[in-house]
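Trainee: The structure under discussion is supplied below as structure tokens; questions concerning it will follow.
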Amino acid sequence: MTRISLVITLALLFPARSGGQSPRQIGPPSLIVLVTVDQLRGDYLTRFQSQFKGGLARFTHAGAWFTNAHHDHAITETAPGHATLLSGRFPRSTGIADNIGGVDDAAAPLLGGAVGPSASPARFRGTTLVDWLRARNSGTRTLSVSMKDRGAILPVGRSRAEVYWYSPDGRFTTSRYYRESLPPWVERFNARRLPQGFAGKIWNPLLPDSAYAEVDAESLEAGGIDYVFPHRLPLDSIAAASRLPLTPWMDEITLALALEGIRELSLGTGRRTDVLAVSLSATDVIGHSYGPDSKEIHDQMLRLDQGLGAFVDSLFAMRDSAGVAFVLTSDHGVATIPEIAARTLRPPPHRVDLSVPAASLHARLLALGIEPGAIAIGPRTVRVERSARVSREQAVDAALAAFAEDGRRIPGIARVDRFRDLLDADTATDAVARRWSHQFADTSSVELVVTLTPFSIYGQIVATHGSPLDYDSHVPLIFYGPAFRAGRFPEFVRTVDLAPTLARIAGLTPDERVDGVVLKQAIR
């Protein structure tokens with residue numbers, strides 16, 4: 001393959017059908033397509049909308065766009081965000097509270113010697129839209145692909161489906177949770193060595209410099225290394241495949257695998273509703289490295305728009321558009337780089353380090369005779385197993401209170417709450433309390449939760465997310481297809497509303513209680 005953009009290649013292989021969408025849809029869709037763009041902050045679509053000409057233009061102009069959609073939980077990370085989407089349930093119910101407690105599973109090694117940790121949905125609890133569809137028709141087919149293991153695994157829950165993610169050696173793989181060997185069609189895709197073909201390729205801005213408002217000279221980006229355009233991939237093909245996720249081309253290859261899977265698995269054919277889940281990760285990797293206000297993010301949005309346009313056209317060349325329902329969303333937003341935000345924001349944000357009070361608390365709990373395995377102190381939470389507290393309640397409470405008092409004195413920490421107190425808080429007026437209450441079951445071992453001040457973050461990563469504040473929770477939510485009424489809807493909605501809404505157009509109801517509601521205003 002020559003180094004022609006995959007976007008152009010896909011458009012040539014799968015030319016668009018004329019006529020666009022059919023005026024109406026009869027019966028459930030034959031294919032539901034969930035497109036999750038990792039770290040697609042809610043304001044990106046309005047910020048760059050005037051320059052969109054492809055898939056994002058199609059979704060924003062002709063879709064049911066909820067402009068005030070949020071992940072209504074506190075730890076806005078990839079794993080809990082993806083787990084809410086097709087389950088319709090908050091992390092307190094899915095059991096996926098953060099990335100650390102996500103998909104790592106030593107009992108599910110990767111296939112074929114692929115690089116990366118073993119992974120499965122073993123920690124996920126409950127069901128998803130895939131299970132509800134299979135209960136009605138056991139022949140329902142599902143494909144989920146992503147660069148990230150958690151981005152591919154968690155949207156479909158515990159379903160034994162076709163689930164694939166990217167190995168840094170340039171192959172897509174899966175784990176033994178799903179199958180014993182890769183299917184021939186994935187092996188053939190890997191044999192094309194598309195990632196390696198980008199060796200030496202240069203990422204230049206898609207448009208002239210005058211089209212970008214951002215000044216490409218911020219040394220805070222990328223740790224001060226390779227922080228201005230152009231960005232060149234290594235000439236070595238192995239190194240290029242490993243670094244590919246930091247470029248827009250990662251999304252192109254993921255979409256190419258999705259199209260191949262649609263064809264090979266015959267998704268969207270027959271008298272059933274199939275599911276395709278695609279999680280695109282390049283925006284997240286680029287955002288962490290360069291921040292949300294960078295020229296790189298701006299260009300990534302333009303290339304994402306282009307790539308999604310080619311993807312939709314290619315899909316409609318294979319399947320009747322009247323039978324396809326799309327939903328576009330994200331797993332979380334992102335905060336401005338703290339040092340940049342500090343130039344204008346008062347009080348300024350900080351990079352927070354809780355290690356000193358955490359070490360003090362850990363030592364104090366050990367002195368009370370609590371076993372180390374019963375204690376987990378992270379940057380956002382303090383856990384103490386309930387069984388370990390027996391006969392030590394007052395002493396443990398005193399240690400926790402001391403930690404909370406010390407924590408509140410650290411610049412960048414807004415509040416340290418007892419989790420049990422938040423369960424009784426006025427969640428109608430206290431969004432932070434509401435989101436924490438949605439994060440963990442009331443029977444969990446979580447004792448304290450820490451909330452930072454606006455734009456403060458933990459650690460030294462350039463830019464990140466993970467707070468219960470709106471810039472991290474606000475994401476796009478757009479339904480597109482004949483089943484939906486085009487328009488902008490400004491009311492507050494949650495990502496847990498996505499699954500019951502899709503279930504409604506598929507003509508079924510969830511098999512278990514969900515936290516979301518049907519967004520009836522979006523349905524024709």
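The values are calculated or read from the model by the stated rules, or taken from the named source; none is laboratory data. What you are looking at is a predicted structure, and each value in this text was computed from that prediction instead of being measured. We place every Cβ from the backbone using ideal geometry, glycine too, and count neighbours over all the protein chains shown.
Trainee: Please go through the stretch 427-452 and give me each residue that is surrounded by fewer than 20 Cβ atoms within 10 Å (Cβ to Cβ), within 19 Å of Asp515 (Cβ to Cβ) and of a type outside the set (A, V, I, L, M, F, W, C), ordered by number.
Mentor: Once the filter is applied, which keeps residues that are surrounded by fewer than 20 Cβ atoms within 10 Å (Cβ to Cβ), within 19 Å of Asp515 (Cβ to Cβ) and of a type outside the set (A, V, I, L, M, F, W, C), the stretch 427-452 yields Thr427, Asp430, Arg434, Asp442, Thr443, Ser444.
Trainee: Could you tell me which of the residues Glu221, Glu162 is within 17 Å of Ser279 (Cβ to Cβ), among the acidic types (Asp, Glu) and either touching a His at 6+ places or on another chain (Cβ under 6 Å) or buried (at least 21 other Cβ atoms within 10 Å of the Cβ) (or both)? Give the derivation first.
Mentor: Working: Glu221 fails: within 17 Å of Ser279 (Cβ to Cβ).
Glu162 is the lone residue from the list that is within 17 Å of Ser279 (Cβ to Cβ), among the acidic types (Asp, Glu) and either touching a His at 6+ places or on another chain (Cβ under 6 Å) or buried (at least 21 other Cβ atoms within 10 Å of the Cβ) (or both).
Trainee: Considering only the stretch 203-227, state which residues are over 24 Å from Pro168 (Cβ atoms), in a loop (DSSP other than H, G, I, E, B) and in contact (Cβ under 8 Å) with a residue 40 or more places away in the chain.
Mentor: Once the filter is applied, which keeps residues that are over 24 Å from Pro168 (Cβ atoms), in a loop (DSSP other than H, G, I, E, B) and in contact (Cβ under 8 Å) with a residue 40 or more places away in the chain, the stretch 203-227 yields Pro205, Leu206, Leu207, Tyr212, Ala213, Glu214, Val215, Asp216, Glu218, Leu220.
Trainee: Output the residue which, of all residues in the stretch 1-54 that are of a type in the set (S, T, N, Q), surrounded by 12 or more Cβ atoms within 10 Å (Cβ to Cβ) and modelled with pLDDT of 95 or more, is nearest to Arg488 (Cα to Cα).
Mentor: Here is the first cut: in the stretch 1-54, the ones of a type in the set (S, T, N, Q) are 2, 5, 9, 18, 21-22, 25, 30, 36, 39, 46, 49-51.
Still in the running and surrounded by 12 or more Cβ atoms within 10 Å (Cβ to Cβ): 5, 9, 21-22, 25, 30, 36, 39, 46, 49, 51.
Of the ones still in play, those that are also modelled with pLDDT of 95 or more are 30, 36, 39, 46, 49, 51.
Details: Ser30: 26, Thr36: 19, Gln39: 21, Thr46: 12, Gln49: 14, Gln51: 19 Å.
Applying the filter and picking the extreme gives Thr46.
Trainee: Something else about it: Considering Gly170, Gly139, which residue is at positive phi and assigned by TED's automatic domain parsing to the domain that holds Asp105? Steps first, answer last, please.
Mentor: On the way: Gly139 fails: at positive phi.
Of Gly170, Gly139, the one residue that is at positive phi and assigned by TED's automatic domain parsing to the domain that holds Asp105 is Gly170.
Trainee: For Ser266, work out the one condition from (1) surrounded by 24 or more Cβ atoms within 10 Å (Cβ to Cβ); (2) farther than 29 Å from Glu214 by Cβ it doesn't fulfil.
Mentor: Failing condition for Ser266: (1).
Trainee: Can I ask one more? Restricting to the stretch 228-259, and then to whatever is hydroxyl-bearing (Ser, Thr, Tyr) and crowded, with 21+ Cβ neighbours inside 10 Å, can you tell me which residue is nearest to Tyr164 (Cα to Cα)? I'd like the intermediate steps shown before the answer.
Mentor: Pass one, the stretch 228-259, residues hydroxyl-bearing (Ser, Thr, Tyr): 237, 242, 247, 254.
Filter again for crowded, with 21+ Cβ neighbours inside 10 Å, leaving 247, 254.
Values: Thr247: 20, Thr254: 10 Å.
The extreme case among them is Thr254.
Trainee: Considering the stretch 391-427 alone, what residues qualify as being within 16 Å of Thr443 (Cβ to Cβ) and either aliphatic (A, V, I, L, M) or modelled with pLDDT under 95 (or both)?
Mentor: Within the stretch 391-427, Leu422, Leu423, Asp424 qualify.
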